Structure formats: structure tokens, C-alpha cells
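Below: one structure, written as C-alpha cells.
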Amino acid sequence: MLLRQKAVEPGILRPARSASMWRNAWRHLLRNRSGQVGLLIIGILLLVAIFAPIIATHDPITFTDPNNRVRVTPCIHLFGCPSNEPQHIFGLDGNGRDLFSRVVHATRVSLFIGIATVTFAIIVGTLLGALSGYVGGWLDNVLMRLMDVLLAFPSLLLAIALVAVLRPLIVQGLNPLLPALFAIGFVGIPIYARIVRASVLSIKELDYVTADKALGVPASRTLFRTILPNALTPLIVQGTLGIASGILDAAALGFLGLGQQPPHPEWGTMLGVERNSVFNGPHLLIFPGLAIMLTVLAFNLLGDGLRDALDPRLNR
Amino acid sequence: MARFLLQRLLLIVPVILGIIFVTFVLVRSIPGDPCIAMLGERATPKTCSAFRERFGLNDNIPTQFLRYSTGLVTGDLGNSIKFGRPVGDILLERLPMTLELAIGSMLFAIAIGVPLGIISAYKHKSPMDAGAMVIANLGVSMPIFWLGLLLAGFFGVVLHDTPFSLPTGSRLTPGMTLPPLDKAWGLTDLEGIPRGFFLFLSNMFTVSAALQGKWAVMGDALEHLVLPSITLGTIPMAIIARLTRSNLLDVLGADYIRTARSKGLGERFVLFRHAMRNALLPLVTVIGLQFGALLGGAVLTETVFGLPGVGKFLVDSIFARDYPVVQGFTIIVAFLFVLMNLLVDISYAYIDPRIRLS
């Protein structure tokens, strides 16, 4: 259809072709089942994170049960829980705190971790990859062998080691989550560096890049304006999937006691603290775990949807 | 082929050197004094200086690095500060457990993932396809420690005292014993490589029990591996299912499949003889890569099920600042990972001649 339009009106040349490409991708994403579901869940999660203090029924940290009850199973008045009992829709945790409020507040932490770590990894990875691909030579060799070495470690193990190194360095008063944030971001760098390097290499010898050079455009401008936009598509897809794995890694670190510290709510940490409650409080394991799964699933689905929507081979 | 092999082998040399270097630097930068971490209250300046002398911590870093590297070449990984035993021995005792777990989970992943992918591709856009893909999507999104906890809760607590109950911790039921293989075979005074070999094999409980003909013990060991293997194998299972599906969908649309069908070949023959061969090729890569990633997941699985493998021990050693153990374990694990990738490359070149020639 686009072609026919062009044939009819050859005079109209639109310079902003990239905008139409993104609009196209957005349309495809909205038509894609994975994309739809992913976007919907992420939208809800974002709302929950933003309005957490309003949605939460109790304070996630300071509220404790007045009767000192702990690990009480969920009580929902609508579903037949006696109305003289206080309502806790996810029940109480091991310290008598309201589990629902904690799960809701933890949404903020996990979304923040996922997005912050991926942003960090993409920025550093893009710089390294662009440098490596554009400059080439020994610098390329050194940087890429370094990335190979980083990829040779199982990422979770590397993250654990990094947290162990960084944790004691954190000065009192700083957020105890920082080491975990840095570690998760750091282990993500090699993937983005490789993606950017590959796309830089694939187009740096093409005619339109040479044309830039002939016109005397500064190298940095060529790199950022002409070359890097080509790497955007794989970066977006990988970044979305990276948010999912970052959230999973953060939960794993929390579970091992290396992430967010109690009493602050974080899904992985909550599971780690209550790992022995299978018998006397299974709800303490079910709800935080479901929350992790739903969030990770949403980003995975969105990543898949974006991959399909941005793939030019599939553009109908 | 020989040229290709040589090329690949030369390429991993800098990576391995890099691994040793990065590990060494990383381990040295763990803050805190191992002396204080180990001796605690008894850490006086005098005992500490003797301690540092004993473990060679007084030398400068380049000297330590050189000494460590020369030790590595001769297979000496140093002594654990905490346990006073050779790191190599500890590794030989614990690695078999993790390997058993990794193999078990890979078998689970392939046994479930491949058929799931085939059904899903063959019945494309059917409810079965949708169901299989829901399972696959949930599989990659689930925190494995959570899955482990839930499985342990279900099979250990809910189904307790039913025939379906499964063990949720340790390697053997209390009361079951398995003597070391060398003792059972009447071999004594083993030294060097044979000793290491038997130490390794004796701790591979399933193999050792089979070699000793103790079938009850072997069954028990296998039963203890079921839940941890499912836990660790779920992510690779999901990845394999998705990959099998998309590969098979690509292949089933190819011309040669249409030709095969138009020749009047049976559906089953077309699917298994023509389509599967090409569709399963990229799986080799994924299986190899996942094997390495499993070692990271093993930390969580071993923690949940209380298994004495390398993962849990490594994390404990990081916090005890047991430098030699952290160093030795990390290097060996990363080394295995690199080796696995090499094997994948080679087998791939063997299966697909196009790669060798390019």
C-alpha cells in the first residue's frame, strides 16, 4: 500500500521516515497477542507501583497485628471471613504485618530494579560496543575478550561475587540495595556491547556512512546519529527481556539475603525470610512468588511481542 | 576440520587466562581480613601475622598471582583457609553432586521440552499449541527457588505419607550408606590422579552405587534427584520447547518438506526423518549454553534442597573470605563453561559442514 502511494505521489518525500517505522511497530505490537497481554500487565503494575500507598490497606513496615498473631491465613470478608475479624486479603506475615500491603509496595522496588539495571547496562554496553566496533583494532580485541570473560561466568554467580565485594564498601546510610543494583546491571553489559558492536560493524562500511565522512561530518555525530539508530531495534527487544531477567536476579539475590534487607518489602527477600513456612503459612510463599512470576512474565511477553513487531521480515 | 579445531582451541587460551586473572583480582578485592573472618575473637596481631604467613597473604599481589598460576598448571588449587584441606579435594567431593543435578535437569528439560515443542509446532494455532506455549512462558518467568519451595511443599508436606511423596533434601535417606568406591573394590593407598578419579566417582552417588551393584541405594539417590532436577530443569525446558517450536515451524514451511509430502511419504516419516533433523540442529547450541547457565541456578537449587554441591559451598566461602576456595571453584566452573561452549562449537561443525568451511 505504501508503495502504491509513493507511485501516485512521487513529489511528496517525507524526511521523517523513522517516525512512520515506529508507528508501524506500535501498530503491530498492539495487534500481537503477547504484546497486548504484556502491555496490559505492565500497565497495571505501573499503576500499582505509583499508587502503592493508596492501594495498600496497611503500612508495609510499621503495622503489626494488635493481637500479635503471625502467619494468619488470608481473611476476606467478601468470601465469608467473619466480619468481626480484621480483613487481610493476603493474610499476615511472620511478623504480623499485612502481606498484601507488603506485596504492593514491593512492586516499586522490583520495577525500579529492573528498569534501572537495564538502563545502566544499556548505556555502558552501548558505549563499549560502539567504541569497539567503530575504532576496531586492538581496542576491539581487548574489549571483546573482556566481554567473553564476563560471559564465561554464570551471571548469577558473578552477581553474587560482586555483591560480596561491594557490600562492605557501602557507607552507613546509603541504600543497602546499591550493591545488588550495580551487580545486576554489570553482568548485563556484555550482551548489549555485543549487539551494538555487531550492528556498528555491519553498517560502518556502507555507502551512506562513507557519505557522512566525505561530507566532513564529525565521527561522533556519525556514530550517534547515523550508526547507532540501527542498533535500536535489537537493543529495545533485548532490554525488555533484560528487565525480566534483572527482576528475577534481584529476587534471587534477595532470596539469598544479598538484596533488599528486611524489614523493607521485596518479593525475593520475603520468600527467603519465610522459606520454611511451607507448612505453617503457605500463603507467605504463594503471593510474593506469584507477583514475581507475573511481573517477569509481562516483560517477557512484551519482549516477544516487540521482537515480532519490530522484525522487518514480518512486516506485512 | 583439524584447522578448525586448532583455531577454536587457540581462541579459548586468552579467555581462560582472563578468567584466572579476573577471578584473582575479584577475590582479592573482597573487603575484610580473612584472618579476622576465620579466627574471630582469637585474631590478635600475633596470631594474625602467623596466619598470614602460613597462607602466603604477606607477599605482594603479583607474587601471589604467579605462585597461584604455577600451582594451577600442576593441578594444585591451594588449601582452604577455613577447612585446612586441599581445595582440589573439596571440589572433587562436591562437583559430582552438582553434575548429577545438572545432568538430571538437562534430561528433564529435553524429555519434556522437545516433545512439547513438536506438538506445539505440529498442531500450530490449536489449543494444544497455546497450552504448550503458556507452559513455556510460565517456565521462563518463574523464579526457580520459588518453584523449588512449592515442589518441596507439595511433594514433601501435602503428599507426605502417600506413595507419591518425594524426598526434599539431602542426597540419601538417613540410614542408607554408600562406601567409597575404592574401598568397596578393595583398592587402598591410591595416589595422585587415580585417587582423585575415585574420589570423584565415589561422590557421584548414582554411578558409584551402580558400579557397586547396590541398586536400592542407587534408586534412593535417583529419587532424591527428582525434585531438584525438575526445579533446575524448568527454565531450560521452557527455552527448548520454544526453540523446537519455532525451528520446526520454519522447517515445516520449507520446499523440501512439501516435496516429501507430495512424493506421498507418510506424515510421521516426513516429520521425524526430514523435518526433525534440521529443526533440532540449533538445539545443540542451546543445550550447551544452558548447561553453563545451570551452574548458576545450582546455587539456588542447592540452597532450597540443602544439597552439598559446589553452588552452596561457593556462596558460603565468599562470606567466609576463604580466598583459595572461591578462587578455585570459580575458575573451575568458568573453565567448564568455556569447555562446554567449545564442545558445542565442535559438535556443531561436525553436524553442519557449512560452519567448518566458512
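Which value, in debye to the nearest 20, describes the size of the charge dipole of the stretch A:173-265 about its Cα centre when Lys and Arg Cβ atoms bear +1, Asp and Glu Cβ atoms bear -1, and nothing else is charged? Before the final figure, lay out each step's value.
Details: 6 positive and 4 negative charges, 38 e Å.
Roughly 180 debye, rounded to the nearest 20.
What FRET efficiency comes out for the pair B:Leu5/A:Leu178, r = Cβ-Cβ distance, R0 = 41 Å, nearest 0.05? Could you put the intermediate results ahead of the total?
Details: r = 45 Å, r/R0 = 1.10.
Efficiency computed from Cβ-Cβ geometry: 0.35.
Sum -39500 (n - 2.57) across every DSSP H segment of at least 4 residues in chain B, then divide by the residue count to get the 222 nm mean residue ellipticity, nearest 500.
Working: 17 runs with 259 residues, N = 358.
Roughly -24000 deg cm²/dmol at 222 nm, from the helical runs in chain B.
Say the dipole of the protein assembly as shown comes from +1 at the beta carbon of Lys and Arg and -1 at that of Asp and Glu; which of A:Ala159, A:Pro229, B:Ala221 then lies farthest toward its positive end?
A:Pro229
Per-residue ellipticity at 222 nm for chain A, helices alone: DSSP H runs ≥ 4 residues times -39500 (n - 2.57), over residue total, nearest 500 deg cm²/dmol?
Values: 12 runs with 202 residues, N = 316.
That calculation yields -21500 deg cm²/dmol at 222 nm.
If the only charges are +1 at each Lys and Arg Cβ and -1 at each Asp and Glu Cβ, what is the size of the charge dipole of chain B around the Cα centre, to the nearest 20 debye?
Details: 29 positive and 23 negative charges, 206 e Å.
For chain B, the charge dipole is close to 1000 debye.
Roughly what would the spin-label model give for B:Asn278 and B:Ile36, points 7 Å off Cα along C-beta, in nm?
6.5
Nearest 0.05, what FRET efficiency do B:Phe83 and B:Val157 give at R0 = 35 Å with Cβ-Cβ as r? Kindly include the intermediate steps, with their values, before the conclusion.
Numbers: r = 34 Å, r/R0 = 0.97.
Efficiency, rounded to the nearest 0.05: 0.55.
Please work out the FRET efficiency for the pair A:Leu78 and A:Leu169, using the Cβ-Cβ distance as r and a Förster radius of 51 Å; give the result to the nearest 0.05. Don't jump to the answer; show the numbers that get you there.
Values: r = 50 Å, r/R0 = 0.97.
Step by step, r from the Cβ atoms, then E = 0.55.
Please order A:Ile203, A:Ile160, B:Ile20 by the number of other Cβ within 10 Å, starting at the fewest. Don't skip to the end; give the middle numbers.
Values: A:Ile203 15, A:Ile160 25, B:Ile20 20.
Arranged by neighbour count, lowest to highest, A:Ile203, A:Ile160, B:Ile20 become A:Ile203, B:Ile20, A:Ile160.
Please compute, for peptide A:160-169, the average count of beta-carbon atoms on other protein chains lying within 10 Å of each residue's beta-carbon. If you can, show how the numbers build up before the last one.
Values: counts 7, 11, 2, 1, 12, 8, 3, 4, 3, 2.
Mean partner shielding for this stretch: 5.
Please give the direction-averaged projected area of the C-alpha convex hull for the stretch A:189-316, in square nanometres with one decimal.
Computed as one quarter of the Cα hull surface, the answer is 11.2 nm².
Averaging the inverse of every distinct alpha carbon separation and then flipping it gives the Kirkwood radius. What is it for the protein assembly as shown, in angstrom units? Mind showing how you got there, number by number?
On the way: mean 1/r = 0.0358 Å⁻¹.
Answer for the protein assembly as shown: a Kirkwood hydrodynamic radius of 28.0 Å.
Counting other Cβ atoms within 10 Å of each Cβ, which trypsin sites (Lys or Arg not before Pro) in the stretch B:98-171 have at most 11 and sit in a DSSP loop? List each step's numbers first, then the result.
Values: sites: B:Lys123, B:Lys125, B:Arg171; in loops: B:Lys123, B:Lys125, B:Arg171.
Counting only loop positions with at most 11 other Cβ atoms within 10 Å, the trypsin sites (Lys or Arg not before Pro) in the stretch B:98-171 are B:Lys125.
Can you pull the Rg over Rh of the stretch A:30-133, Cα-only, Kirkwood? Walk me through the intermediate numbers first.
Details: Rg = 19.7 Å, Rh = 16.6 Å.
Taking Rh as the inverse mean 1/r over Cα pairs, Rg/Rh reads 1.19.
If N is the number of residues in chain B, what value comes out of its Cα radius of gyration divided by 2.2 N^0.38 Å? Don't skip to the answer; put the middle values down first.
Working: Rg = 24.2 Å, N = 358, 2.2 N^0.38 = 20.6 Å.
Rg over 2.2 N^0.38 Å, computed on Cα atoms: 1.18.
Charges on Cβ only, +1 for Lys and Arg, -1 for Asp and Glu, centred on the Cα centroid of the stretch B:218-293; of B:Thr234, B:Gly292, B:Ile257, which one is farthest towards the dipole's positive end?
Of the options given, the answer is B:Ile257.
How many nm separate the modelled label positions at A:Thr210 and A:Phe224, each set 7 Å beyond the Cα in the direction of the Cβ?
With each label point 7 Å from Cα toward Cβ, the separation is 2.7 nm.
Evaluate the distance, in nm, between pseudo-label points positioned 7 Å from the Cα of B:Thr173 and of B:Leu187 along their respective Cα→Cβ axes.
3.0
Once you compute Rg and the Kirkwood Rh from C-alpha atoms, what is the Rg to Rh ratio for the stretch B:96-229?
1.10
Full extension from A:Ile55 to A:Asn68: what is 0.36 nm times the residue separation minus their Cα-Cα distance, to one decimal in nm?
Values: separation 13, 0.36 × 13 = 4.68 nm, distance 2.39 nm.
My answer for the length gained is 2.3 nm.
Equivalent ellipsoid semi-axes for the stretch A:109-205, as square roots of 5 times the alpha carbon gyration tensor eigenvalues: give them largest first, rounded to whole Å. Kindly include the intermediate steps, with their values, before the conclusion.
Values: eigenvalues 161, 41, 23 Å².
With the √(5λ) rule applied to the stretch A:109-205, the semi-axes are 28, 14, 11 Å.
Given the Cα atoms of chain A, and with Rh set as the inverse mean 1/r over their pairs in the Kirkwood sense, what is Rg to Rh to two decimals? Intermediate results must be reported in sequence, preceding the final value.
Details: Rg = 24.1 Å, Rh = 22.4 Å.
The Rg/Rh ratio comes out at 1.08.
Considering chain B as a Gaussian network with a 10 Å cut-off on Cα pairs, which listed residue, B:Arg85, B:Arg242, B:Arg268, attains the greatest mean-square fluctuation?
B:Arg268
Every number in this text was worked out from the coordinates using simple rules, so none of it is lab data. The structure presented is a predicted model; accordingly, all values stated were derived computationally and were not measured. In this analysis, Cβ positions are derived from the backbone assuming ideal geometry, glycine residues included, and neighbour counts consider all displayed protein chains.
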